[in-house]
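Sharing a structure below in structure tokens format, with a few things to ask.
Where a number appears in this text, it was derived from the coordinates with a stated rule and is not lab data. No experiment lies behind these values; they were computed from the predicted model shown. Here the Cβ positions follow ideal geometry from the backbone for every residue, glycine too, while neighbour counts run over all protein chains shown.
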Amino acid sequence: MSATASAIAGPQVLAQGAQGTIDVPAIQYSALSPILIVFGVALAGVLVDAFVPAKARRVIQPLLAAAGFVAAFVAVVLLHARRQVLAAGALAIDGPTLFLEGAILLFALLAVLLVAERRLDSSGGAIVASAAITPGSPGATAQRSSAEVQTEAYPLMAFSAAGMLLFVSSNTLLIMFVALEILSLPLYLLTGLARRRRLLSQEAAMKYFLLGAFSSAFFIYGLAFVYGYAGSVNLGRIADAAGTVGANDTYLYLGMALLGIGLFFKIGAVPFHSWTPDVYQGAPTPITAFMAAGTKVAAFGALLRLFYVSFGGLRWDWRPIVWIIAILTMVVGAVLALTQRDIKRMLAYSAIAHAGFLLTGLAAANSDGLSGSLFYLVAYGFTTIAAFGLVTLVRTGDGEASDLSQWQGLGRRSPVLAGIFAFLLLALAGIPLTSGFTGKFAVFEAAIAGDATPLVVVALVTSAIAAFFYVRVIVLMFFQEPGADGPIIVTRPTLTYAAVGIGAVVTLLLGVAPQPLLDLAGTAATSGFVR
Amino acid sequence: MNSFPWLTLLLIIPAAAAVVVAVVPRRLGTLAKQITLAVTLVEFVLALLATIAYEPARAGFQFAQKYSWIKQFGISYSVGADGISLVLILLATLLVPIVVLASWDEVDAASPDGTPVVGRRSVPAFFALLLALEAGMVGVFAATDVFLFYVFFEAMLIPMYFLIGSYGPVKEQAQRSYAAVKFLLYSLLGGLLMLAAVIGLYVVSADQLGTGTFDFATLRQLDITPGVQKLLFLGFFVAFAIKAPLFPFHTWLPDAGAQSPTGGAILLVGVLDKVGTFGLIRYCIPLFPEASSYFAPMVLALAVIGIFYGALLAIGQRDMKRLVAYTSLAHFGFIAMGTFALTSQAGTGAVLYMVNHGLSTGLLFLVVGFLVARRGSRDVGAYRGMAQVTPTLAGVFLIAGLSSLALPGLNSFVSEFLVLAGTFTRYRALAIVATVGIVLAAIYILYLYQRTMTGPLVSEDARGVLDLSVREKIVVAPVVALIIALGIYPKPLIDIVRPTVTATFEDAGHTDPAPTAPVNASQTGGHS
Amino acid sequence: MSAQILAQAAGEITRTSTGEAATFWVLAPVAVLAALGMVLARNAVHGALLLVTNFFCLAVFYLLQDAPFLGFVQIVVYTGAIMVLFLFVLMLVGVDSSDSLVETLRGQRVAAIVLGVGFAGLLVFPIGGVINNGTTAAGLTAANDGGNIQAIARLLFTDYVLAFEIVSALLIIAAVGAMILGHRERVDGKVTQREMLRRRFAEGGRVTPIPGPAVYARPEGTRLPAGLPGGGTDPGAGQGAREGCGDIEGNGDGDNGAGAHARGNPRPVGAGKGTDR
Amino acid sequence: MNPSNYLILAALLFTIGAVGVLLRRNAIVVFMCVELMLNAANLTLVTFSRINGTLDGQIMAFFVMVVAAAEVVIGLAIILTIFRTRRSASVDDVNLLKY
């Protein structure tokens, strides 16, 4: 029936509508509670920003956000046995989902600690006082040392975290797309909120935004093709459709490839990585930490779900591609990291290399690979948050000492800090007794069992290359004399210390006694994805 | 006594002490030294007691303990000692207190021209690193879980890395960090290849047994196809060859040896590198018997090349520490040759060689370290005629050198003879060629001695150089004593080592060839 | 263009109809050309207008394909709101912000085009292949029974209710984001007229208003340095005025308004470029 | 005419948009190219909706529009801040991150 026809037959249609009542599907809100809590906190944060005076805001906002994340984490723990599809098939609550949700919430909590840090120097935090002030204008210099803070950062973080939670639990491509945007848009904004080096920060935001939008266009185009193929965007139904013989495979493959591009963008896999170093460098470092840990977990969670659930039957088709991308990602990440002079960029390239290692787990395409990836994500997240948190501590008079040369001799000036950083770097390099090693081991073991031995060999070789640049930083810190204008370490940034300490301790624990978490990841993975 | 947790104790004590020493404030350096010395002495006594409690006749691992660690991957904390590992643990625990004493003043001393000798002078940190290293060494020898072995294998690198990088010669900052990085990267690369093989082994075990395991005893029982064996063997072998180091993988050793503090160098060459040769005999041969036979000719070729290459480079060396490092390359050639001759006699010789080399090279490094501490130079040319002013030092130097060139009556002779004799029964030509290496050893050692100790004194200001102090004498005395004692009466060691080696080779299916020449036990002072 | 007629035409056909085909073959080239033009247009405003054209074409296609709701949403939201926002920003930024077409990365342009052609081939040929397979469209007559909007609404509030709910978060984020980047909190209260005057005099800059457009302001009072009580002239006074006049002289081709602008914009405005502001 | 022709048209538009993103240096134009890509995806969705005979495609296209609207707000706000900066601070050609 055409639009005109319906317009003419308006009253009739209404009558029909009255007779065919809409059955609103039951949404099991209890199972949604973690997501709802975080959304609620975000909304409350917006209200607080609107109505509470600036001074009180600076205290209330971090508390609110932290409390929200803790509450949501508790909700996740309470839900731990839930396995169901809810909200008319839109969301799936299952082992991997809950595992990753828990991880995301913990990372968000640590990131809030870092963002809330106000003792780093006179400036009071890494977030800009007012983003609207144009860099270079008269107010710009004043705001650097202003006590003001753009407290909207907290609700934005909460929104982003909610998007991440949705992302890993989405059971349809549409929800996945919306979640992708909910997690990304706040991050684009947050990237532009660095207090110092505003210009760099704004450019990073713009670049992140443009490339992010670009990638989500690919995602949505892929979604369209998959819809065309399967007639549905429900992950389970896509799998069913992919299982039938004689269907029109072209659309499926096109859709799979385009969706893959969209998600590979988010995890920073080569050749879709180019935003990573710039954004990591330009964003306020606590936000970088949040992004590096949270986005990676969320995007990988979605990637795993998509490829295991929807395209699980096609693994022989996508595995070669994943192989190639994994190899490229590892090699490019490790090699380009060698050339970096900026510590944040170096960590960004290291993040790229780690995405490659994680893809090895995906390429394994078995249950071990899934549990290994889950473990790896948690291990990597804690380490990377601690590492970026530590980067915020090493400062010169003009903000963070991001250039590697300024880190020279840090071991002499503050051995504990340098020691922790060295430990974190060793964890990133994958030395035994650190979580990085256990994670790599779990993933590689699965990959070898899944007949991806060559991939593992490449991964090991790139690990060796990667070890070189981690070791180089250790050399700088410990074996060289501090420069004349060496970095200043701030004395008592309690919150940052807490975040870094937690990250480092977890890194150690997961290296020494990883069994509980491995068990958790194992049960999460074996119970599998619900459809 | 066998239920007593000897090995765990041996592991925990230095590890705990390392933590304690690490938190000692910097200004209480002496306290740190005292704690370290006491702990390492206790450790040595414990190791000695364990050796007494060890029953050589019993097969299998003794003092075994096993606790599940990471269930998911079948990883357990399991330790145990057989003859091979026990003597190496003994060697390690013996050398550490000696190193502690030898480094007593090195860390915070100043060189003759007033500049600090070492780069960073946190005394407690230095000794904490030593203790951590000791824990790592004990762990790597005691582990009977392949994964645990790997963990210690890698974990050991870190303290050594910092010892080289932070405590090497202060004036050579660039070379020092270069050496440290080179050492770490070489080892990491090897370690990663081994990791691949370790994971491969796990997957094979999972295929065959249903659940994967890293338990050494279980893995030995696996029936691995030759193709897979070769791949896995290579993974392990390259790691061990880098560690040992064998000929083409050795280039890190001279740098690391030269840039380490004396104590670090002793432990590096004396014990740490033994992990490589230990791994060859403990893991490569029993786990991959067919592959070891297959690759034996290649390894032997590398070993012989190493013997000559190391010796020739040592002859041409002017830097004394590098020189000693190169001599070690030659010695490691002998050890590898003894291992891969695949006869129980050569194998026993190789294990003995590990111990003896630890003693003789340790002593050489000690003496060189004393010299360097006195004159601040590693150059051979700075030391002509030192015997005139430092007769005791020269005497010790001579003993160390003679031990190194395997003079009959000193410890190395026994092992070198066993290696050559054992190799001879299977590869005659090779054994004969290798014998020439002994001649070269005599050249580089005696040439070194001649250039440093004999002749007119290098300069007048060298006249003020002091002979060995009491502390230094205490340091060298036990080593010298052992060098002589083990040369005369090596039986206790052989008794411990031989059954294990024999069992290892027999399990792997390498029976000794029928004796064609009467070169067996009779000359070696007799064994069971 | 009469959307209603087109929509009617769409309603009568299911798969193929000459009406639809004709419309498609007329508008598809227009859409492609508009898109190409948007990519190639040097001036961003032209690009935006071409994009509007393209979006109109798409709206027609939606109407043709039994999606009247979307068709109108496309016109209202996309062409109406979003593109106007684009144009608004373009105007705000300055219409002359035409792209420099200088390549920063060598060979990048060629690479992009090659990549694009390859990508298009990768998309178009498989799809073309599928078409040749003789796909038939099920058509939406059944689904749209009872009205397209009603059917969409029913789906929206049943199967897609969660998506519908959470999408609201995006709108909040957008509002918050725009506010963060645009709104500057006034720290020191509102400035009153009196204070502004005080400040102006305290600064000692130009006090008189800038001459209006079309005034050739050479004999301007403040342009001449003021005399000081003790004799001599005040070197500071009239400084700004001189600058302003300088610009006016530079733009002597009749564009007198530029002088006023130039005070806020330290960039020298070239005579040729200045004409279109 | 086969309705699938719309798919080809959409593919062309999508490609043109993607190439535009890679070619152009003006952020606003790049963003417009992204919008073109989104619209191409929408056309595909609508066409598939017709081919499959279900309205889900249209619904999803609707969601894409909503999302795009939010994205545009954020995007243009970010782009605007950059342009403002460039104007006032005259760092016209400073491209710190090498876009």
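Whole Å is fine, so just give me how far the alpha carbon centre of the stretch B:3-35 lies from that of the stretch B:199-245.
Answer, in whole Å: 34.
May I ask you to derive the relative contact order of chain A, considering only C-alpha pairs under 8 Å and at least 6 residues apart, and to give it as an integer percent?
Numbers: 964 pairs, mean separation 84.1, N = 531.
RCO, chain A: 16 percent.
On to the next question. I need the shape label for the stretch A:59-98. Rule: rounded when a/c is under 1.5, else prolate if a/b > b/c, else oblate, with a, b, c from the alpha carbon gyration tensor.
Working: a/c = 4.12, a/b = 2.24, b/c = 1.84.
Because a/c hits 1.5 or more and a/b exceeds b/c, the stretch A:59-98 counts as prolate.
Further question on the same structure: Using the Cα atoms as the points, what is the convex hull volume per residue of the stretch A:28-527 in Å³? Can you show the working numbers first?
Numbers: hull volume 62.7 nm³, N = 500.
Dividing the Cα hull volume of the stretch A:28-527 by its residue count gives 125 Å³.
For chain A, take the longest principal axis of its alpha carbons; what is the angle in degrees between that and the long axis of helix A:343-364, to the nearest 10 within 0 to 90?
In chain A, helix A:343-364 runs at an angle near 40 degrees to the longest axis.
While we're on this one: Which lysines have a Cα lying under 26 Å from the Cα of B:Lys230, excluding residues fewer than 8 positions away in the same chain?
B:Lys230 reaches A:Lys440, B:Lys243, B:Lys274.
Run the helix sum for the protein assembly as shown: -39,500 (n - 2.57) per DSSP H stretch of 4+ residues, divided by residue count, reported at 222 nm to the nearest 500 deg cm²/dmol. Please report the intermediate quantities before stating the final value.
Numbers: 57 runs with 967 residues, N = 1435.
The helix-only estimate for the protein assembly as shown comes to -22500 deg cm²/dmol at 222 nm.
Counting other beta carbons within 10 Å of each residue's own, what order do C:Asp159, B:Asp319 fall into, fewest first? Show your work: numbers first, answer last.
Details: C:Asp159 22, B:Asp319 17.
Least crowded to most crowded, the residues run B:Asp319, C:Asp159.
Here's a follow-up. Let's test the formula: R0 of 56 Å, r as the Cβ-Cβ distance of C:Thr192 and B:Ala174. What FRET efficiency results, to the nearest 0.05?
Computed FRET efficiency for C:Thr192 and B:Ala174: 0.25.
Something else: Over the stretch B:298-528, what is the relative contact order in whole percent, taking alpha-carbon pairs under 8 Å and six or more residues apart? Before the final figure, lay out the partial values.
Numbers: 355 pairs, mean separation 63.7, N = 231.
Dividing the mean separation by the residue count of the stretch B:298-528 yields 28 percent.
Still on this structure, please answer the following. Using the Cα gyration tensor of the stretch D:5-89, with a ≥ b ≥ c the square roots of its eigenvalues, what is the shape: rounded (a/c below 1.5), prolate (a/b larger than b/c) or oblate (neither)?
In terms of gyration-tensor shape, oblate.
Determine, for C:Ser17, D:Ser4, A:Ser146, the number of other Cβ atoms within 10 Å of each Cβ, and report the residues in order from fewest to most. Display every interim value, and only then the final one.
Numbers: C:Ser17 15, D:Ser4 23, A:Ser146 18.
With the sparsest Cβ surroundings first, the list reads C:Ser17, A:Ser146, D:Ser4.
Another question about this same structure. What shape does the stretch B:126-199 have by the C-alpha gyration tensor, where a ≥ b ≥ c are the square roots of the eigenvalues, rounded means a/c under 1.5, and otherwise prolate means a/b greater than b/c and oblate the rest? All intermediate terms of the calculation are to be shown ahead of the outcome.
Working: a/c = 4.89, a/b = 1.57, b/c = 3.12.
It comes out oblate by the Cα gyration axes.
In peptide C:67-75, how many Cβ atoms from other protein chains are near each Cβ within 10 Å, on average? Could the numbers behind the result be given before it?
Numbers: counts 13, 8, 7, 12, 3, 1, 5, 7, 0.
Counting other chains' Cβ atoms within 10 Å and averaging over C:67-75 gives 6.
Then there's this: Once you've got the Cα coordinates, tell me which of A:Lys207/A:Lys296; A:Lys55/A:Lys296; A:Lys344/B:Lys171 are over 22 Å apart. Don't skip to the end; give the middle numbers.
Details: A:Lys207/A:Lys296 18 Å; A:Lys55/A:Lys296 34 Å; A:Lys344/B:Lys171 32 Å.
Where the Cα-Cα span goes over 22 Å, the pairs concerned are A:Lys55/A:Lys296; A:Lys344/B:Lys171.
I need to check one value: relative contact order of chain B, counting alpha carbon pairs closer than 8 Å and at least 6 residues apart, in percent. Don't skip to the end; give the middle numbers.
Working: 953 pairs, mean separation 78.6, N = 528.
Once normalised by length, the contact order is 15 percent.
Which percent of Cα pairs goes in each bin when the distances of the stretch C:146-185 are cut into 5 angstrom slices starting at zero?
Going from the shortest bin to the longest, the percentages are 6, 21, 15, 14, 13, 11, 9, 7, 3, 1, 0.
Another question, then. Can you give me the angle between helix B:391-404 and the longest principal axis of chain B, using Cα atoms only, in degrees from 0 to 90, rounded to the nearest 10?
Around 20 degrees separate the two axes.
In whole Hz, with x marking every Gly and Pro, tabulate ³J(HN,Hα) for the stretch B:373-386 from phi via Karplus 6.51 cos²θ - 1.76 cosθ + 1.60, θ = phi - 60°.
5, 7, 10, x, 9, 9, 6, 4, x, 7, 10, 4, x, 5
Compute and list, largest first, the equivalent-ellipsoid semi-axes of chain B from the alpha carbon gyration tensor, each √(5λ) rounded to a whole angstrom. Working shown, then result.
Working: eigenvalues 246, 147, 86 Å².
Output for chain B: semi-axes of 35, 27, 21 Å.
Would you order A:Trp407, A:Trp323 from fewest to most other beta-carbon atoms within 10 Å of each residue's own beta-carbon? Mind dumping the intermediate values first?
Numbers: A:Trp407 23, A:Trp323 18.
Final ranking by Cβ density, sparse to dense: A:Trp323, A:Trp407.
Give the cross-link partners of B:Lys33 among the lysines, using a straight C-alpha distance below 16 Å as the criterion and excluding same-chain residues fewer than 8 apart.
none
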